[in-house]
Amino acid sequence: MNNSKSDNNTQSTSQMANPQWGGRFSGGPAAIMGEINASIAFDKQLWRQDIQGSLAHAAMLCKVGLLTKEEENDIRKGLGEIAADIEAGRFEFSEALEDIHMNIESRLSDKIGEAGKRLHTARSRNDQVATDFRLWVREAIDGIIEQTKSLMLCLARQALAYHNVPMPGFTHLQVAQPVTFGHHLLAYVEMLKRDVSRLEDTRKRLNECPLGSAALAGTSFPIDRHMTAELLGFDRPTANSLDAVSDRDFALEFLSALSIQAMHLSRLAEEIVQWASAAFNFISLSDGFTTGSSIMPQKRNPDAAELVRAKIGRITGDFIGLLTVMKGLPLAYAKDTQEDKEPVFDATRAMTLSLAAMEGMIRDLKPHEQRMRELAGAGFSTATDLADWLVRELRLPFRTAHHITGKLVSLAEAKNCDLADLSLEEMQTVEPHINETVFSVLTVEASLSSRTSVGGTAPQNVKAQAEHWLSHLSSKG
């Protein structure tokens, strides 16, 4: 095997004025053109995927006779050395070579000579980057799903621990009915379950391989796209070469799913901020996820929750930014799509940090059970239980029962007492048929234990649902 960099009549890749463009151009780009055109500053994150795709492509080229086995072995060895250099921080990335593809290809040709130049047979940077990016997003999805399930497990553990601890349930941020703290936490497990489902759906749709679509029209070489798809873990090759090189739906779907998930985390973060405030005083956060004040020594600020709450702005901005980039692009590939990676990288990092911070906060928080129990009965929170009793025991229509209960609430409000503190005689001035058994439904504990409908807040329900999630998530590893 000839390992020389080039023969006497050919410039090496690194010596050409425009190595990425070949012989069409004789002069170099303007400085500003080089700066705006280069993507190596951010797409070097794709180096593992680029090498992975090249190894699969080389194996396929060898199988169909476009590379010799010796050339494939040299390519495999050279790419392995490049991977080791990048991993060790020895690889010098060149902006003059624009992107990760040309940086690796140029170094490979320098290392192994002509075999390195043959690697690009039957592919283009267009299908190469589409493949690399799908591989990267697929791995990112897998990582975020794993993190999300870990957070779900943490929430389920806390839900089981506090499955019977009352707290006020709110609508319009007004006390509505008693619920349990465990029930409240499990609501976020359900949200995160849907987030996982969206990510899994996105992964299924993106799992088609663009490699071999070449620039836009496919190739005349006798390649085996099913082989490369299988080697890279894709379900199948893409069906249309024009769509394959220009599609970024997978990135948009990913960012859309992350935006919805960030909204869920933001809602939970907002509740943590409220719960940790002196006005609510429902929970304490650990030192690990709070900060102090430079001037007020008593302060314990829920900064981790506030930062998670803010990440939705960043992540949704990334989604809208890429959607705007893609909205007017004709087929097929356009350089505009170089703008696809930074928002995806940014949103992924923001979500990864948010999930880690949220899991830490949920794991460490301590509920103030007595405080939540006291407020669970505030604001006439058992009024609906009273109305239900009137329907069940006196056979009144619900609207009539609702009206009677409203009058009793007004009476209790005027006397500055709870419903349970009204005397039977006072209640009977509003509805003569009320009897003393009504008091059995006016406690927080009675209200909670009665909510046994599927999905209800009865402690037995919450315990069973928390145990279900613990079993399900633990079995998934």
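Amide H to amide H, which residues 5 or more places from residue 169 or on other chains are under 5 Å from it, using H placed in the peptide plane?
176, 177, 179
Using +1 on the beta carbon of Lys and Arg, -1 on that of Asp and Glu, and nothing else charged, what's the dipole of the chain about the Cα centre, debye to 20? Before the final figure, lay out each step's value.
Numbers: 50 positive and 62 negative charges, 72 e Å.
So the magnitude is around 340 debye.
For region 34-119, which whole percent of the accessible surface, found with a 1.4 angstrom probe, sits on carbon and sulfur atoms?
Details: 1700 of 3530 Å².
Ligands and nucleic acids excluded, carbon and sulfur give 48 percent.
Over 27 Å between C-alpha atoms is what I'm after, so list which of 415/463; 204/341; 44/335 land there.
415/463
For the ranges 136-142, 125-131, what's the packing order if you count other beta-carbon atoms within 10 Å of each residue, average per peptide, and put the highest first?
So the order, starting with the most tightly packed, is 125-131, 136-142.
What whole-number value in Å² describes the accessible area per residue of region 168-263 for a 1.4 Å probe?
42
About its Cα centre, how strong a charge dipole does region 327-382 have in debye, to the nearest 20, once Lys and Arg get +1 and Asp and Glu get -1 at the Cβ?
160
List the residues, sorted by chain then number, that are 5 or more residues from residue 443 or on another chain and whose placed amide H is less than 5 Å from its amide H.
none
Which three lengths, in whole Å and largest first, does region 34-119 cover when its Cα atoms are put on their principal axes?
39, 26, 21
Near the amide H of residue 212, under 5 Å away, which other amide H atoms are found, from residues 5 or more places off or on another chain, if H is placed in the peptide plane?
Amide H neighbours of residue 212, under 5 Å, 5+ apart: 124.
Okay, helix-only estimate at 222 nm for the chain: each DSSP H run of n ≥ 4 adds -39500 (n - 2.57), divide by all residues, round to 500 deg cm²/dmol; what do you get?
-19500 deg cm²/dmol
Which entry in [x] 110, 53, 41; [y] 100, 53, 38; [z] 79, 55, 43 is this structure's computed Cα extents along the principal axes in Å?
[x]
What list of ³J(HN,Hα) couplings, whole Hz, do you get for region 350-357 from phi and the Karplus terms 6.51, -1.76, 1.60, once you set θ to phi - 60° and write x for glycine and proline?
3J(HN,Hα) across region 350-357, in whole Hz: 4, 5, 4, 5, 5, 5, 5, 5.
Along the charge dipole of the chain, Cβ charges K/R +1 and D/E -1, which of 375, 153, 408 sits furthest on the positive end?
Among 375, 153, 408, the one farthest towards the positive end of the dipole of the chain is 153.
Just order 462-470, 406-414 by mean Cβ neighbour count inside 10 Å, highest at the front, would you?
On the way: 462-470: 18.1, 406-414: 14.9.
Most protected by this proxy first, the peptides run 462-470, 406-414.
Across bins of 5 angstrom width beginning at 0, how are the C-alpha pair distances of region 240-280 distributed, in whole percent?
6, 20, 13, 12, 11, 9, 8, 6, 5, 4, 3, 2
Given a 1.4 Å probe, how much area per residue of region 347-401 is accessible, in Å²?
Per residue, region 347-401 has 47 Å² of solvent-accessible surface.
Counting Lys and Arg as +1 and Asp and Glu as -1, each charge on the Cβ, what is the dipole of region 34-119 about the Cα centre in debye, to the nearest 20?
The calculated dipole for region 34-119 is roughly 400 debye.
The values are calculated or read from the model by the stated rules, or taken from the named source; none is laboratory data. Source: prediction; values computed, not measured. When we count neighbours, we look across all protein chains shown, and the Cβ atoms used for this are built from the backbone with ideal geometry, even at glycine. Surface accessibility is based on the protein's heavy atoms, side chains included, excluding ligands, DNA and RNA. Shrake-Rupley method; radii C 1.70, N 1.55, O 1.52, S 1.80 Å.
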